[in-house]
Amino acid sequence: MERLGNYELTGKLTDANSGYSVCSFAKRDGREYFIKEFLSPKFPYKDTVSSPQRVQKKIARCKEFEQRKAKFYQVLDDCSDGNAVRIRDFFRIGARYYVAMPKIYAMPWDIANINNMDEASKRRICCIIAHALASVHRGGLIHADLKPSNILFTKTASGVTAKIIDFDSGFLETDPITLDDEIVGDQIYFSPEACLHAWGEDVPLTCKMDVFALGVLFHQYFCGSLPAFDKEQASYSGEAAAKGCKLSVSPHLPADVSEMIQRMLEADPANRPTSHEIWEFFRGKPEPIPESTASREMKVDQINSTTTSGNPFFRPGDL
């Protein structure tokens, strides 16, 4: 089997349905991991074709990528409650960049499975997801691509828990993407501000982007359908809200959940609740969000290497 540094691939790298990466599973030290290879940027490793000036521009772009990603992954590692899946390793081999994270042994659940549950079970699932999101929002991290395939469900000794995965479209509130950068994600869950950004408007991008996406997703969990809007005006919920169209939640929602989801779907981010408030709501009693007590067994190796960010999270590979 092919090796990537310390990892032995257990399958071929294949398209991750995003166009921005390929992925596979791998083993290291008897444990299983999910490996993702970024298709861009490419480090100019042994680049003998480009001019020296172009090579330096490529290196500068890669160093910026390393710095942003390493900083983001370190904050994720520090803030996660264990249900926001941490990055185990971030490294480069030759021209390519990779991330590795623990393999999640997920149950084959979809929207229909959750929609068929009793109300108490739905509330518990929403509570777990909101807590995981609140833990990373506390560090100023924006996931930016919340959708059903990025929330996995696993069995535990006491029942079932939820895991938020794939933070590779994310960024820090204090280090937002620019208008030159594309928001990578599923448009079904785009917030109004994500749509405005895509349309070339310079709008603030905050953690409330994730709150809107979660509002769409929770509506699906409870009702099995998306919020309603004028399909002649827009194709997606965020697009509709950005254009001033009303989003209508299902009349079959429990009254208190209906009110909460309607707030989560507000067009103005300032009018949406925080993920902490959503967690408090589904938990049933307001309390300060606790510090993570999750095991740090999977915490990233403290590798002695120097990067442009000074962050030990990144291994430079073949330089």
Please list 111-120, 165-174, 180-189, 81-90 highest first by mean number of surrounding beta-carbon atoms within 10 Å per residue.
-> 81-90, 165-174, 180-189, 111-120
Given the options Gln74, Gln56, Gln262, state which has the largest fluctuation in a GNM of the chain using a 10 Å cut-off (strictly under) for Cα springs.
-> Gln56
Where Lys and Arg each count +1 and Asp and Glu each count -1, what net charge lies around Lys63 among other residues with Cβ under 12 Å from its Cβ?
-> +4
Mind pulling the per residue volume of the convex hull built on the Cα atoms of the chain? Å³ is fine.
-> 153 Å³
Quick one: order Ile93, Ile59, Ile128 by neighbouring beta-carbon count within 10 Å, fewest to most.
-> Ile59, Ile93, Ile128
What is the spread of the Cα atoms of the range 43-83 along each of their three principal axes, largest first, in whole Å?
-> 46, 14, 9
Here, Asp110 and Asp181, labelled 7 Å along Cα→Cβ, have an inter-label distance in nm of 3.3 nm
Take the Cα atoms of the range 3-103, build their convex hull, and give its volume per residue in Å³.
-> 110 Å³
Looking only at Ala144, Ala213, Ala157, which one moves most when the chain is put into a Gaussian network model with springs between Cα atoms under 10 Å?
-> Ala157
Rg (Å, one decimal) plus Dmax (Å, integer) for the alpha carbons of the range 60-109?
-> 13.2, 43
Loop sites in the range 174-263: trypsin sites (Lys or Arg not before Pro), DSSP, at most 15 other Cβ within 10 Å | Lys231, Lys243, Lys246
Which lysines does Lys208 reach when only Cα atoms under 20 Å apart count, and residues fewer than 8 places away in its own chain are ignored?
-> Lys147, Lys163, Lys243, Lys246
Per-selection Kirkwood Rh - the range 111-283 (Cα, Å, 1 d.p.) = 16.2 Å
Round to the nearest 10 and give me the degree value, 0 to 90, for the angle of helix 208-223's Cα axis relative to the longest principal axis of the chain.
-> 50 degrees
Cα-projected label distance for Ala228 with Glu119, points at 7 Å along beta-carbon direction, nm | 2.0 nm
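All of the numbers you see were taken from the coordinates with simple rules; none came from a lab. Nothing here was measured: the structure is a model prediction, and the numbers come from that model. Cβ: placed from backbone, ideal geometry, glycine included. Neighbour counts: every protein chain shown.
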